[in-house]
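S.K.: Got a structure here, written out as structure tokens. Questions coming.
The values are calculated or read from the model by the stated rules, or taken from the named source; none is laboratory data. The structure presented is a predicted model; accordingly, all values stated were derived computationally and were not measured. Cβ placement follows ideal geometry from the backbone for every residue including glycine, while neighbour counts extend to all protein chains displayed. Remember, those area values only see protein heavy atoms, side chains included, never the ligands or the DNA or RNA. Shrake-Rupley method; radii C 1.70, N 1.55, O 1.52, S 1.80 Å.
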2 protein chains.
Amino acid sequence: MINKMIEKIKKTEAPIVVGLDPMLAYVPEHVQKKAFAEYGETLEGAAEAIWQFNKEIVDHVCDLIPAVKPQIAMYEQFGVPGIAAFKKTVDYCKSKDLVVIGDVKRGDIGSTSAAYAIGHLGRVQVGSREYVPFDEDFATVNPYLGSDGVNPFLKVCQEEKKGIFVLVKTSNPSSGEFQDQYIDGRPLYEYVGEKVAEWGTRCMGEEYSYIGAVVGATYPEIGKVMRRIMPKAYILVPGYGAQGGQGKDLAHFFHDDGLGAIVNSSRGIIAAYKQEAYARFGPEHFGEASRAAVEAMKADIRSALDAAKK
Amino acid sequence: MINKMIEKIKKTEAPIVVGLDPMLAYVPEHVQKKAFAEYGETLEGAAEAIWQFNKEIVDHVCDLIPAVKPQIAMYEQFGVPGIAAFKKTVDYCKSKDLVVIGDVKRGDIGSTSAAYAIGHLGRVQVGSREYVPFDEDFATVNPYLGSDGVNPFLKVCQEEKKGIFVLVKTSNPSSGEFQDQYIDGRPLYEYVGEKVAEWGTRCMGEEYSYIGAVVGATYPEIGKVMRRIMPKAYILVPGYGAQGGQGKDLAHFFHDDGLGAIVNSSRGIIAAYKQEAYARFGPEHFGEASRAAVEAMKADIRSALDAAKK
């Protein structure tokens, strides 16, 4: 799956992932109204609204990008119907040949992590039959519990040729509270990054491992260091756009050939129609606004990578 | 909710939580058969089997214990129908007046953690109406992202008078890989524990804070230290029984009055009928086997606490 993702990044010339994190407040009123007319102002109605919102955006951007990253929390907040909308979104994106990164940030003790790994990336046995419950291509994983919380994911990734992105240095302001603490002369995130590199050797695709890492765009200097520590790990870079990361900050996360990282934008793309720059599209044409925002992001990253080469 | 939990612990004289972590392999054949007869060997069939299994156990133990802890991973592995069985289990346990600790180990950046907090402990707005999506009483939270990943949970806990247990030192063998690393002369888990104590001051119940901590039974010496560092935090202690923790290891986690900790057992209770000690019940009477196992666990912990007093 890492090979497929890289191939698609090369083809689209867009090391970009669109975060499908649909807050109800992002969903234009006409979409909400239609969903509520059918299902009422219920959890089912909310789930229908975010699913229709996602579908419209995916239809407008799927030819421009290699991957999407639905954030499961935004679906989980609507209970069981929300989770059903998550699954529908995953399936639809796969039908459009997009690589799907499930932003689930799971992680637990061994036997429990195995259940998460099976649920999100693998197959579950029911009597004599097998099912693929959520069937994302990648999942994000929290490393706080150590190797035996991560190993079950590695096992399923090996079996299914899927992948994970391990949280190393997150994009949020207080990520440093624990992640930046010094251990034997280096910060915890470096130590976690070394582990990611080690885990990754057991899961190599062609050029890159399918064990990647999350390093926030908001910490470009750290990106530089982590690029060196985990040379074979793809870096998933959140925090671009709404969280404050800019194109010029991103070059450090990439190798010189323009590979090695994939940058996420969520709000900046899916709620583009609410920004002044794209207001001309109006809420009715929010999908087109998202498309324009993807094109702008692509150009921004491209020029940052070109500038870095000079 | 922390006050209610403590009141129930006092009333039942059982600082015990039963982990509802139903692997399909734990579910007796007759229960599986019945579920598959109705729904086929499908995800729905698996979900029905674990739900019926849970129900029977809850019916047999609910008068003996204050709380249950469903592990969402075990449900999530069966996809959307599994999550529906999780919700059904939460609701049923609440109808039996049990305190429900959702073992979800969620945690993300601020806005995303807010969605998790709303989904599991709070209310979500849909148009002009409000819903309680999963409605657990407590949730477990992963602290790797720092304060701004935890704050949204604190906010919802304050509003709803609910609580969380923050992962401090987990019970698994490799928990030390990151959690035991030394920072300024003390291990990371102590540093996290200090934060838990700090967060807890903003969320005080009568005697204890409703911000608790997870510290594994498998590390009793650490329990002793953490008891001191977080005097007002209730400690949720996993790892008893199947994972190797024993009654005699547990006294350190408690205050002298027998409060301050609640010990989880999952497999040891719910799959008791598979153990030699309870084989006499047979798979047909697995609920009774679970009841006997709860009684034995209660006696074990009671004698450990009594021995510690001498």
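S.K.: Could you tell me how far the Cα centroid of region B:116-134 sits from the Cα centroid of region B:75-108, in Å?
M.R.: 15
S.K.: With every protein chain kept in place and ligands, DNA and RNA left out, what is the accessible area per residue of region A:265-308? Probe 1.4 Å, answer in Å².
M.R.: About 47 Å² of surface per residue is accessible.
S.K.: Work out how much length A:ARG280 to A:ALA37 would gain on full extension: take 0.36 nm times their residue separation and subtract the Cα-Cα distance, in nm to one decimal.
M.R.: Here the segment from A:ARG280 to A:ALA37 would lengthen by 84.7 nm.
S.K.: While we're on this one: Please average, across the residues of A:114-121, the number of beta carbons from any other chain that are within 10 Å of each residue's own beta carbon, and give a whole number.
M.R.: The mean count of partner-chain Cβ atoms within 10 Å per residue comes to 5.
S.K.: For the pair B:GLU295/B:THR12, report the inter-label distance in nm, with labels modelled 7 Å from Cα in the Cβ direction.
M.R.: For B:GLU295 paired with B:THR12, the spin-label model returns 1.6 nm.
S.K.: Nearest 100 Å² is fine: what is the total accessible surface buried where chains A and B meet, probe 1.4 Å?
M.R.: By this definition, chains A and B bury close to 5700 Å².
S.K.: A further question follows. Quick one: among A:GLY79, A:GLY247, A:GLY223, which has the greatest mean-square fluctuation in a GNM of chain A with alpha-carbon springs under 10 angstrom?
M.R.: A:GLY79
S.K.: Using a 7 Å offset from Cα along the direction of the beta-carbon, what are the separations from B:GLU198 to the same position in each other copy, nm, ascending?
M.R.: 2.9
S.K.: Considering only DSSP beta bridges where both residues belong to chain B, give the percentage that are antiparallel (nearest 5).
M.R.: Looking only at bridges with both residues in chain B, the antiparallel portion is about 15 percent.
S.K.: Carbon and sulfur atoms: what percent of the 1.4 Å accessible area of chain A do they account for?
M.R.: Here carbon and sulfur together make up 50 percent of the probe-accessible area.
S.K.: Obtain the nm distance between the two label points defined at A:ALA25 and B:LYS224 by a simple spin-label model: each point lies 7 Å from its Cα along the Cα-to-C-beta direction.
M.R.: Spacing of the two 7 Å Cα→Cβ label points: 5.0 nm.
S.K.: Take the alpha carbon atoms of region A:191-211, find their center, do the same for region B:274-310, and report the distance between the two centers in whole angstrom.
M.R.: The two parts, judged by their Cα centres, are 44 Å apart.
S.K.: Kindly state, to the nearest 0.05, the FRET efficiency for B:GLU206 paired with A:MET204, given R0 = 41 Å and r defined as their beta-carbon distance.
M.R.: 0.15
S.K.: List, shortest first and in nm to one decimal, how far the label point of A:GLU284 (7 Å from Cα along Cα→Cβ) is from its counterparts in the other copies.
M.R.: Shortest to longest, the spacings are 7.0 nm.
S.K.: Shifting gears a bit: Between copies, how far apart are the B:GLY185 label points? List them in nm, one decimal, shortest first, with each point 7 Å from Cα toward Cβ, please?
M.R.: 2.1
S.K.: Okay, next question. GNM on chain A, C-alpha springs below 10 Å: top fluctuator among A:VAL225, A:VAL104, A:VAL150?
M.R.: In the Gaussian network model the winner is A:VAL225.
S.K.: Label B:ALA307 and B:SER128 with points 7 Å out from Cα along Cα→Cβ: what is the distance between them in nm?
M.R.: The two pseudo-label positions are separated by 6.4 nm.
S.K.: Next question, about the same structure. Please compute the alpha carbon radius of gyration of region A:1-79, then divide it by the globular-protein estimate 2.2 N^0.38 Å. Two decimals is fine.
M.R.: 1.28
S.K.: Pop out a list of residues from region B:133-148 that are at least 20 Å² less accessible with all the protein chains around than in their chain alone; 1.4 Å probe, no ligands or nucleic acids counted.
M.R.: B:PRO133, B:PHE134, B:ASN142, B:PRO143, B:TYR144, B:LEU145, B:GLY146, B:SER147, B:ASP148
S.K.: Counting each pair of different Cα atoms once, what's the Kirkwood radius of region B:219-296 in Å, rounded to one decimal?
M.R.: So the Kirkwood estimate lands at 13.6 Å.
S.K.: Oh, and also: How much space per residue, in cubic angstrom, does the convex hull of the C-alpha atoms of chain A take up?
M.R.: In chain A, the Cα convex hull volume per residue is 130 Å³.
S.K.: Connecting C-alpha atoms closer than 10 Å in a GNM of chain A, tell me which of A:GLU160, A:GLU276, A:GLU288 has the biggest fluctuation.
M.R.: Top of the fluctuation ranking is A:GLU276.
S.K.: Within a 10 angstrom radius of each residue's Cβ in A:183-189, how many Cβ atoms of other chains show up on average? Whole number is fine.
M.R.: Mean inter-chain Cβ contacts per residue within 10 Å come to 2.
S.K.: Can you give the calculated 222 nm mean residue ellipticity of chain B, where each DSSP H run of n ≥ 4 adds -39,500 (n - 2.57) and the sum is split over every residue, rounded to the nearest 500 deg cm²/dmol?
M.R.: Value at 222 nm, helices only, nearest 500: -14500 deg cm²/dmol.
S.K.: Next up: What fraction of the Cα pairs in region B:126-177, stated in percent, has a spacing above 18 angstrom?
M.R.: Value for region B:126-177: 46 percent of Cα pairs lie more than 18 Å apart.
S.K.: Only bridges with both residues in the protein assembly as shown count here: give the DSSP antiparallel percent, nearest 5.
M.R.: For the protein assembly as shown, the DSSP antiparallel bridge percentage is about 15.
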